[in-house]
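Asker: There's a structure below that I have some questions on.
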Amino acid sequence: MTTTITLVQGDITRQSADAIVNAANSSLLGGGGVDGAIHRRGGPEILAECRALRASRYGRGLPTGQAVATTAGRLDARWVIHTVGPVHQGSGSDPEPLASCYRESLRVADELGARTVAFPAISTGVYRWPMDDAARIAVETVRNTPTAVEEVRFVLFDDRAYEAFARQPG
Ligand code: APR
């Protein structure tokens, strides 16, 4: 199975996909950016399931680089896959946790049977990861991760992000 990678400029909460990936934080209890938009448009069911996860499997929060699915609430998707990106710590920041966000989100998508997955540019906002490097890590990881997902759609919020992803080879 080959996975098609597509790029879209826009608001991820307006996408139609089997799964929409959230750039969450470890609390799973919401935030700004993509996280805020997904909870705002997706509605309270998403937070209710996040709270249930905190009360069970993730008592101490979702660790960086891991992913977990909930309902997508009112979004045009079946699931939201929440993943926690790393905060950029300056040059020499380890790319592995960011790569893990994409790898683990695809693993969860495969467990669910999701065929189309929409990703934001994880860690490139509040978590300050340089856009070009984040785009390289995202595209390389998706290219190198065996998955049954047929379409990975990167949904970029602005021109800068879109151009960075469009510059990635392959
Ligand atoms: N659709 C698509 N992309 C978006 C949207 C949206 N509605 N809103 C923001 N973005 C883009 C940002 O422009 C950035 O390029 O998503 C990218 C990730 O930015 P953040 O949402 O700030 O996520 P991140 O950098 O991973 O930081 C996560 O921010 O919102 C809090 O609770 C969240 O603590 C967590 C932290």
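Asker: If you take the residues of the range 147-170 that are touching an Asp or Glu at 6+ places or on another chain (Cβ under 8 Å) and among the hydrophobic types (A, V, I, L, M, F, W, C), which of them is farthest from Leu7 (Cα to Cα)?
Answerer: Among residues in the range 147-170 that are touching an Asp or Glu at 6+ places or on another chain (Cβ under 8 Å) and among the hydrophobic types (A, V, I, L, M, F, W, C), the one farthest from Leu7 (Cα to Cα) is Ala148.
Asker: Any idea which residue in the range 114-146 is nearest to the ligand (Cβ to nearest atom), counting only those that are open to solvent by less than 60 Å² (accessible area, probe 1.4 Å) and in contact with an Asp or Glu (Cβ under 8 Å, 6 or more places away or on another chain)?
Answerer: Restricting to residues being open to solvent by less than 60 Å² (accessible area, probe 1.4 Å) and in contact with an Asp or Glu (Cβ under 8 Å, 6 or more places away or on another chain), the top hit is Val117.
Asker: Is it true that Ser91 is without any contact (Cβ under 8 Å) to a residue 24 or more places away in the chain, away from the ligand (no atom under 13 Å from the Cβ) and farther than 19 Å from Trp129 by Cα?
Answerer: Taking the combined requirement at face value, the residue does not satisfy it.
Asker: Turning to a different aspect of this structure: Please determine, by comparing only the residues of the range 1-46 that are hydrophobic (A, V, I, L, M, F, W, C) and within 8 Å of the ligand (Cβ to nearest atom), which one is surrounded by the fewest Cβ atoms within 10 Å (Cβ to Cβ).
Answerer: Ala37
Asker: If a residue must be at pLDDT below 95 and among the aliphatic types (A, V, I, L, M), how many such residues does the range 1-56 contain?
Answerer: 1
Asker: Checking Leu7 against (1) out of contact with any helix residue (DSSP H, G or I) (no Cβ under 9 Å at 6 or more places or on another chain); (2) at negative phi, which test does it fail?
Answerer: All conditions pass for Leu7, except number (1).
Asker: Mind counting the residues in the range 67-88 that are without any contact (Cβ under 8 Å) to a residue 60 or more places away in the chain and under 15 Å from the mean Cα position of the chain (by Cα)?
Answerer: 8
Asker: Oh, and also: Do we find a residue being near the ligand (Cβ under 10 Å from one of its atoms), without any contact (Cβ under 8 Å) to a residue 60 or more places away in the chain and in a loop (DSSP other than H, G, I, E, B) anywhere in the range 47-66?
Answerer: no
Asker: While we're looking at this one, here's another question. What residue, of Glu111, Glu163, Glu150, is away from the ligand (no atom under 15 Å from the Cβ) and surrounded by 14 or more Cβ atoms within 10 Å (Cβ to Cβ)?
Answerer: After ruling out the rest, the residue left standing is Glu150.
Asker: I've got another one for you. Could you check Thr145 against (1) under 16 Å from the mean Cα position of the chain (by Cα); (2) without any contact (Cβ under 8 Å) to a residue 24 or more places away in the chain and say which number it fails?
Answerer: All conditions are met except number (2).
The values are calculated or read from the model by the stated rules, or taken from the named source; none is laboratory data. Note that this is a predicted model, so its numbers are computed, not measured. Positions of Cβ are generated from backbone atoms using ideal geometry, with glycine treated the same way; all protein chains shown enter the neighbour counts. The protein model used for the area step is the full one, side chains on, heavy atoms only, and it has no ligands, DNA or RNA in it. Shrake-Rupley method; radii C 1.70, N 1.55, O 1.52, S 1.80 Å.
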